[in-house]
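Working notes for the structure below.
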Amino acid sequence: MEWDSISTFIRQISNAFYDRLKKKGADVGEIEQFDGFQGFALIDPDGNHFGVTE
């Protein structure tokens, strides 16, 4: 059986951090607002999906 999973990193999200990831070529989604927190998706070069939330 194949499992899909998403690892989530919790950290303070600043525009500088987000912009640094984009400048380094990271595949990042837009910062979205959720129920009391914000976050974005991140995909590494191997195609693994991560969530970054604050």
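Take Gly29 and tell me if it is surrounded by 10 or more Cβ atoms within 10 Å (Cβ to Cβ) and either modelled with pLDDT of 85 or more or touching a helix residue (DSSP H, G or I) at 6+ places or on another chain (Cβ under 6 Å) (or both).
Numbers: surrounded by 10 or more Cβ atoms within 10 Å (Cβ to Cβ): yes; either modelled with pLDDT of 85 or more or touching a helix residue (DSSP H, G or I) at 6+ places or on another chain (Cβ under 6 Å) (or both): yes.
In short, yes.
Quick check: is even one residue across the range 6-14 out of contact with any strand residue (DSSP E or B) (no Cβ under 8 Å at 6 or more places or on another chain) and modelled with pLDDT under 85? Walk me through it before giving the result.
We begin by selecting, within the range 6-14, every residue out of contact with any strand residue (DSSP E or B) (no Cβ under 8 Å at 6 or more places or on another chain); these are 12, 14.
So of that shortlist, the ones also modelled with pLDDT under 85 come out as 12, 14.
Yes, the range 6-14 contains a residue that is out of contact with any strand residue (DSSP E or B) (no Cβ under 8 Å at 6 or more places or on another chain) and modelled with pLDDT under 85.
Looking at the range 24-41, I want the residues that are under 16 Å from Ser14 (Cβ atoms) and have a partner that is basic (Lys, Arg) and part of a loop (DSSP other than H, G, I, E, B) with Cβ atoms under 8 Å, at least 6 apart or on another chain. Which pairs are those?
That search, which allows pairs on different chains as well, returns nothing.
Which one is farthest from the chain's Cα centre (by Cα), of the residues in the range 4-54 that are of a type in the set (Val, Ile, Thr) and part of a strand (DSSP E or B)? Working first, answer last.
Looking only at the range 4-54, we keep the residues that are of a type in the set (Val, Ile, Thr), and these are 6, 8, 10, 13, 28, 31, 43, 52-53.
In the following step, the residues that additionally are part of a strand (DSSP E or B) were identified as 8, 10, 28, 43, 52-53.
Numbers: Thr8: 8, Ile10: 10, Val28: 6, Ile43: 7, Val52: 4, Thr53: 7 Å.
Looking at residues that are of a type in the set (Val, Ile, Thr) and part of a strand (DSSP E or B), I get Ile10.
The values are calculated or read from the model by the stated rules, or taken from the named source; none is laboratory data. Owing to the predicted nature of the structure, the values given are computational and were not obtained by experimental measurement. For neighbour counting, all protein chains shown are included, and Cβ atoms are generated from backbone atoms with ideal geometry for every residue, glycine included.
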